[in-house]
1. Any chance you could give the angle, 0 to 90 degrees and rounded to 10, that helix 2-18 forms with the longest Cα principal axis of the chain?
2. Taking just the alpha-carbon atoms of segment 21-159, what radius of gyration and Dmax come out, in angstrom?
3. For a quick check: sort Val152, Val82, Val119 by the number of other beta carbons within 10 angstrom, fewest at the front.
4. Looking at segment 53-92, which GluC sites (Glu not before Pro) are in a loop (DSSP not H, G, I, E or B) and have at most 16 other Cβ atoms within 10 Å?
5. Between Asn148 and Lys115, what FRET efficiency comes out of the Förster formula 1/(1 + (r/R0)^6) with R0 = 25 Å and r the beta carbon distance, rounded to 0.05?
6. Quick check for you: which residues of segment 156-172 have the amide N under 16 Å from the point 7 Å beyond the Cα of Asp63 toward its beta carbon?
7. Set the Förster radius R0 to 22 Å, insert the Cβ-Cβ distance between Asp31 and Asn166 as r into 1/(1 + (r/R0)^6), and round the FRET efficiency to 0.05.
8. Please give every one of the aspartates and glutamates within straight-line cross-link reach of Lys107, meaning a C-alpha to C-alpha distance under 12 Å, and leave out same-chain neighbours fewer than 8 residues apart.
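Derivation of every value follows stated rules applied to the coordinates shown; laboratory data play no part. What you see is a predicted model, and the numbers here were worked out from it, not measured in a lab. Please note: Cβ atoms are built from the backbone with ideal geometry, for glycine as well, and neighbour counts cover all protein chains shown.
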Amino acid sequence: MKKIFFSFVGIFFVTNLFAGIPLTGLYQTIDDDTNTPKSIVVLYEYEKGNGSELGGRIVALYDENGKVTETLGNSVKLADKVKGSPKYVGLDIIWGMEWDSDDKEYKDGEIMDPKNGKVYSSVIWQDNKDKVRVRGKIGPFGRTQTWNVLTVSDLPAELQEIDTTNWNPIIRD
């Protein structure tokens, strides 16, 4: 019986040791200037070649009072500095992120600032279970934002059942 127990414990440990930290999910971004909620971004995995990569798509916007005003079903505001002037909601802002199990972070991908349409290299990691750090950079210089983890109960009804299964980023750089 002890052998069976330790076999299961060993399998569980090895499986978790080699599994990447799944940072897929919903996150609330915070405005750098006002420190108020700005948008909701879904980080999702998609197939690329023989592996998978992490992408990020805006699925909702907040107004200045912290209320969700635009979602996938009622997107209005245009990202006029982004090629093609797409709507903010539905815009892919992160793509090509690859998991680095040694550093326990996603890297080697890109992030776009939808306000100006500029694209930067990016790194994403998690310090604790309630927040994720997202850094856009050029060489050693850059800016790090902290995004809050959201749960389904934090979301408007239409965002509670988002299916990202077939999502692939639309790159507009």
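1. Rounded to the nearest ten degrees, it is 30.
2. Rg then Dmax for segment 21-159, in Å: 14.5, 44.
3. On the way: Val152 11, Val82 22, Val119 17.
Fewest to most other Cβ atoms nearby, the residues stand as Val152, Val119, Val82.
4. Details: sites: Glu53, Glu64, Glu70; in loops: Glu64.
Listed in order of number, the matching sites are Glu64.
5. Computed FRET efficiency for Lys115 and Asn148 comes out at 0.80.
6. 156
7. Details: r = 31 Å, r/R0 = 1.40.
It comes out at approximately 0.10.
8. Leaving aside aspartates and glutamates fewer than 8 places away in the same chain, those within reach of Lys107 are Glu53, Glu98.
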